[in-house]
1. Taking every pair of alpha-carbon atoms in segment 23-80, give the share separated by more than 15 Å as a whole percent.
2. How would E54, E69 line up from fewest to most surrounding beta-carbon atoms within 10 angstrom?
3. May I ask you to derive the relative contact order of segment 23-80, considering only C-alpha pairs under 8 Å and at least 6 residues apart, and to give it as an integer percent?
4. Arrange the following residues from fewest to most other Cβ atoms within 10 Å of their Cβ: V59, V36.
5. Using a simple spin-label model with points 7 Å from Cα along the Cα→Cβ vector, what separation in nm is obtained for V59 and M26?
6. Taking the Cβ of E38 as the center, what net charge do the other residues with Cβ under 12 Å away carry, scoring Lys and Arg +1 and Asp and Glu -1?
7. How do T28, T55 line up, fewest other C-beta atoms within 10 Å first?
8. Under a 5 Å amide H to amide H cut-off, with H placed in plane at 1.01 Å, what residues pair with L71 once short-range neighbours are removed?
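Readers should treat all values here as calculations from the given coordinates under stated rules, not as data from a laboratory. Quick caveat: nothing in here was measured; it's all calculated off a predicted structure. Note: ideal-geometry Cβ built from the backbone for every residue, glycine included; neighbour counts use all protein chains shown.
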Amino acid sequence: MAEIRNCPRCGRIFTYISSPICGRCMETEEDEFKVVKEYIYDNPGATISEVSQETEVSVEKIMRFLREERLEIKSENSNLVLGCERCGRSINSGRFCENCKGQITEGLKREFGLEKKEPVQRPQYKAEKEKMYTAERRRND
Ligand SMILES: [Zn+2]
Ligand SMILES: [Zn+2]
């Protein structure tokens, strides 16, 4: 049974299959994506706002293409940089820099107990400390 939805982009009613937006919007988006990609390819030094002006695709959309990792910025596209959402370091695509990605993964691992836990107290260390303490006291006596 076909599901009827309202397209969140244009408000038109469409038959939902697998995409959350209607076929017409999907086509438009594909076209926009292609135009942006070609423009960046031809103009490696362009900034996001320049790309937006020239392609008439909104900055938000270009940012989204970048964040969705559909558009990968090459090293020569130095003006098209995104900031890591965690530390602000410039990144080429996605939301986080490699460093933060690693840290986030580590954090998750620890949270879910996937990493071996350090023993809270090392018995050996404690015994040694006690020995030292008694030895010192004896010396003072
Ligand atoms: Zn639509
Ligand atoms: Zn970062």
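1. Working: 687 of 1653 pairs.
Pairs farther apart than 15 Å: 42 percent.
2. E69, E54
3. Computed value for segment 23-80: 38 percent relative contact order.
4. V59, V36
5. Using points 7 Å along Cα→Cβ, the separation is 3.1 nm.
6. Numbers: positive: K34, K37; negative: D31, E32, D42, E54.
Combined, the nearby Lys, Arg, Asp and Glu give -2.
7. So the residues, fewest neighbours to most, are T28, T55.
8. The answer is L66.
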